[in-house]
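Trainee: There's a structure below that I have some questions on.
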Amino acid sequence: MSMHRRSALSGRPFAPDTLMMGYGYDPFLSEGSVKPPVFLTSTFVFRNAEEGKRYFQWAYGLKERDPSSDPEMGLIYSRLNNPDLEILENRLACWENADLSLVFSSGMSAITTTVLALVKPGQEIISTNPVYGGTDFFFEHICPRLNITVHRVSAGSDTPAKVEALLRERAGRVRLVHVETPSNPTNSLVDIRALAQAMKQVGVAPPDSEILLMVDNTFLGPLFQQPLNLGADLSVYSATKFIGGHSDLVAGALMGPHKLLKEVTVFRTILGTMADPFTCWLLMRSLETLDVRMRRQQENARRLVTLLKAHPAVERVYYPGELGETQNAIWQRQCSGSGSLIAFDVRGGEAEAFQVINRVEICKMAVSLGGTESLIEHPSTMTHSDLDEETKASAGITPAMIRLSVGLENIEDLEADLRSALAVLD
Ligand SMILES: Cc1ncc(COP(=O)(O)O)c(C=O)c1O
């Protein structure tokens, strides 16, 4: 018997961290195995031809399955469905209380498959700036080839007003608003609820559709920020980061309502951008410790923020809750934590930032974030090197900026590491 979202005895809903240990999996379908096995198979056997026909009709939307009279949907082929993918998707959705989640081969395939499924040639997108370099490249270089125009607005306290003005100007043309909050790497916050309300007020959408709000929730989600509860239509993730959490896999995820995810599923099936069974299994393993990891990483990060703020070689620290009055008000309204991504400017420029990065001993010099180990990098010449100088400047990505993803190492060791690296600037 698999676990349900609520207690069968009391009806009380279970919290996500409880559900991660068993939700959506029936051990007795797998020899009583406590953990779901890895179903390393590309294809599945049908009992008879009629069954195969039925599954294809439902999978390809040729016929609606009637849950009250039809038998259960079955497995066909691992590009369409696989037990590890299905159990994982059911579990992941619990974190944002979403109808459904979809898991992809990378964060980029989650973003691109979703955009391709929901935005048609001729329609337009508004995206905040900065966004992750890969997303930026997709919007700047690939969308225009598909006749999808992408407008950019800077991420910050005035984003809702700017988006509302642009929506009025582009009346009836914009289909999707994409927001990264906190944004990578500056941690700027956008007020999701205010943005959703501003979008509703404008209310003019391409024919037969609504304007959708998609939030990249990689930095704080799913633990410390839940965009679907704040009025967003879609919450998208690089699951490579905190959800995977061990820097040993690449994956992406999307959460949202049935209606939209059904359209995205068709594109994922045809583009083949789903996650493979072993990656799904690893992600299920990771979800069991998500809450503990994210909270402990945050604890470490807060200690390092205190150190950095007081350090004479540090010019400025960018961390949610430490970004000035207006940004902090947004943070208090929409986030239940600050996470473990810190950006800071050292006094000086690129040369001084490089000196510090080259000197650390525990923090590994690598891009990516959200893993158990601390990672340090230089956004201007690494993750965001593709952005032109003007865009970097308007996004606040300075040559002196260092990004630190704080892991689970002993905090005193981390503090000592950072202090001795910064001493190079004395
Ligand atoms: C905020 C954000 N969104 C999306 C992505 C893309 O994810 P992936 O590398 O899993 O394709 C990244 C990757 O660093 C990211 O930081």
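Trainee: How many residues are under 24 Å from Val292 (Cβ atoms) and buried (at least 16 other Cβ atoms within 10 Å of the Cβ) when one looks only at segment 330-366?
Mentor: Matching residues across segment 330-366 total 12.
Trainee: Considering only segment 96-115, I want to know if a residue exists there that is charged (D, E, K, R), out of contact with any Lys or Arg (no Cβ under 7 Å at 6 or more places or on another chain), closer than 30 Å to Phe46 by Cβ and in contact (Cβ under 8 Å) with a residue 12 or more places away in the chain.
Mentor: So far as segment 96-115 goes, yes, one or more of its residues are charged (D, E, K, R), out of contact with any Lys or Arg (no Cβ under 7 Å at 6 or more places or on another chain), closer than 30 Å to Phe46 by Cβ and in contact (Cβ under 8 Å) with a residue 12 or more places away in the chain.
Trainee: Of everything in segment 99-129, what is within 16 Å of the ligand (Cβ to nearest atom), over 15 Å from the mean Cα position of the chain (by Cα) and not β-branched (Val, Ile, Thr)? Give them in sequence order.
Mentor: If the condition is that a residue be within 16 Å of the ligand (Cβ to nearest atom), over 15 Å from the mean Cα position of the chain (by Cα) and not β-branched (Val, Ile, Thr), then Leu116, Ser127, Asn129 are the ones that fit.
Trainee: On to the next question. Between a first residue in segment 309-327 that is among the aromatic types (Phe, Trp, Tyr) and a second residue that is at pLDDT 95 or above and assigned to a helix (DSSP H, G or I), which pairs have beta carbons less than 6 Å apart while being 6 or more apart in sequence or on different chains?
Mentor: That search, which allows pairs on different chains as well, returns Tyr319/Val305.
Trainee: Of the residues Leu230, Leu234, Leu283, Leu249, only one is surrounded by fewer than 24 Cβ atoms within 10 Å (Cβ to Cβ) and under 15 Å from Phe104 (Cβ atoms); which?
Mentor: Result: Leu249 is the single residue among Leu230, Leu234, Leu283, Leu249 that is surrounded by fewer than 24 Cβ atoms within 10 Å (Cβ to Cβ) and under 15 Å from Phe104 (Cβ atoms).
Trainee: Go through segment 1-24 and count every residue that is modelled with pLDDT of 95 or more and hydroxyl-bearing (Ser, Thr, Tyr).
Mentor: The total comes to 2.
Trainee: Those residues that are in a helix (DSSP H, G or I), away from the ligand (no atom under 16 Å from the Cβ) and more than 21 Å from Ser394 (Cβ to Cβ), I need them from segment 131-166; list them, please.
Mentor: Arg145, Leu146
Trainee: With respect to Thr218, is the statement that it is of a type outside the set (Phe, Trp, Tyr) and within 16 Å of the ligand (Cβ to nearest atom) true?
Mentor: Yes, satisfied.
Yes or no, residue by residue, for (1) over 30 Å from Ile211 (Cβ atoms); (2) of a type in the set (Phe, Trp, Tyr); (3) out of contact with any strand residue (DSSP E or B) (no Cβ under 9 Å at 6 or more places or on another chain):
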residue	(1), (2), (3)
Lys35	yes, no, yes
Arg47	yes, no, yes
Gly52	yes, no, yes
Ser78	yes, no, no
Glu89	no, no, no
Leu100	no, no, no
Val131	no, no, no
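Trainee: Return the only residue of Met274, Met255 being over 15 Å from the mean Cα position of the chain (by Cα), crowded, with 23+ Cβ neighbours inside 10 Å and within 15 Å of the ligand (Cβ to nearest atom).
Mentor: Exactly one residue qualifies, and that residue is Met274.
Trainee: Same structure, new question: I'd like the full set of residues that are within 16 Å of Met214 (Cβ to Cβ), away from the ligand (no atom under 16 Å from the Cβ) and part of a helix (DSSP H, G or I), limited to segment 167-192.
Mentor: Across segment 167-192, the qualifying residue is only Leu167.
Trainee: Let me ask something else about it. With (1) β-branched (Val, Ile, Thr); (2) within 30 Å of Tyr60 (Cβ to Cβ); (3) not assigned by TED's automatic domain parsing to the domain that holds Ala194 as the list, and Thr306 as the residue in question, which single condition is left unmet?
Mentor: (2)
Trainee: Sticking with this one: Taking segment 341-365, which residues are within 16 Å of the ligand (Cβ to nearest atom), in contact (Cβ under 8 Å) with a residue 24 or more places away in the chain and farther than 24 Å from Arg193 by Cβ?
Mentor: Answer for segment 341-365, where residues must be within 16 Å of the ligand (Cβ to nearest atom), in contact (Cβ under 8 Å) with a residue 24 or more places away in the chain and farther than 24 Å from Arg193 by Cβ: Ile342, Ala343.
Trainee: Being in a loop (DSSP other than H, G, I, E, B), of a type in the set (Asp, Glu) and surrounded by 19 or more Cβ atoms within 10 Å (Cβ to Cβ) is the filter here; which residues of segment 406-421 pass it?
Mentor: If the condition is that a residue be in a loop (DSSP other than H, G, I, E, B), of a type in the set (Asp, Glu) and surrounded by 19 or more Cβ atoms within 10 Å (Cβ to Cβ), then no residue fits.
Trainee: Please work out which one of (1) within 22 Å of Leu290 (Cα to Cα); (2) in contact (Cβ under 8 Å) with a residue 12 or more places away in the chain is the condition Phe28 fails and give its number.
Mentor: Result: Phe28 fails condition (1) only.
Trainee: Also, quick follow-up: Looking at segment 393-422 only, could you name the residues that are of a type outside the set (Ser, Thr, Tyr) and free of Cβ contacts under 8 Å to residues at least 60 places away in the same chain?
Mentor: If the condition is that a residue be of a type outside the set (Ser, Thr, Tyr) and free of Cβ contacts under 8 Å to residues at least 60 places away in the same chain, then Ala393, Pro399, Ile402, Asn410, Glu412, Asp413, Ala416, Asp417 are the ones that fit.
Trainee: Can you list the helices (runs of 4 or more DSSP H) lying wholly within segment 312-401 that have 2 or more residues being at pLDDT 95 or above and under 26 Å from Phe137 (Cα atoms)?
Mentor: 350-359
Trainee: Out of segment 223-253, which residues are more than 16 Å from Trp281 (Cβ to Cβ), polar (S, T, N, Q) and in a loop (DSSP other than H, G, I, E, B)?
Mentor: Gln225, Gln226, Ser247
Trainee: While we're looking at this one, here's another question. Only one of Ser338, Ser238, Ser247 is touching a Gly at 6+ places or on another chain (Cβ under 6 Å) and over 30 Å from Asp191 (Cβ atoms). Can you tell me which?
Mentor: After ruling out the rest, the residue left standing is Ser247.
Trainee: With the condition kept exactly as written, say whether any residue in segment 371-381 is within 16 Å of the ligand (Cβ to nearest atom) and of a type in the set (D, E, K, R).
Mentor: Yes, some residue in segment 371-381 is within 16 Å of the ligand (Cβ to nearest atom) and of a type in the set (D, E, K, R).
The values are calculated or read from the model by the stated rules, or taken from the named source; none is laboratory data. Bear in mind the structure is a predicted one, so any value in this text is a computation, not a measurement. Positions of Cβ are backbone-derived with ideal geometry, glycine not excepted, and every protein chain shown enters the neighbour counts.
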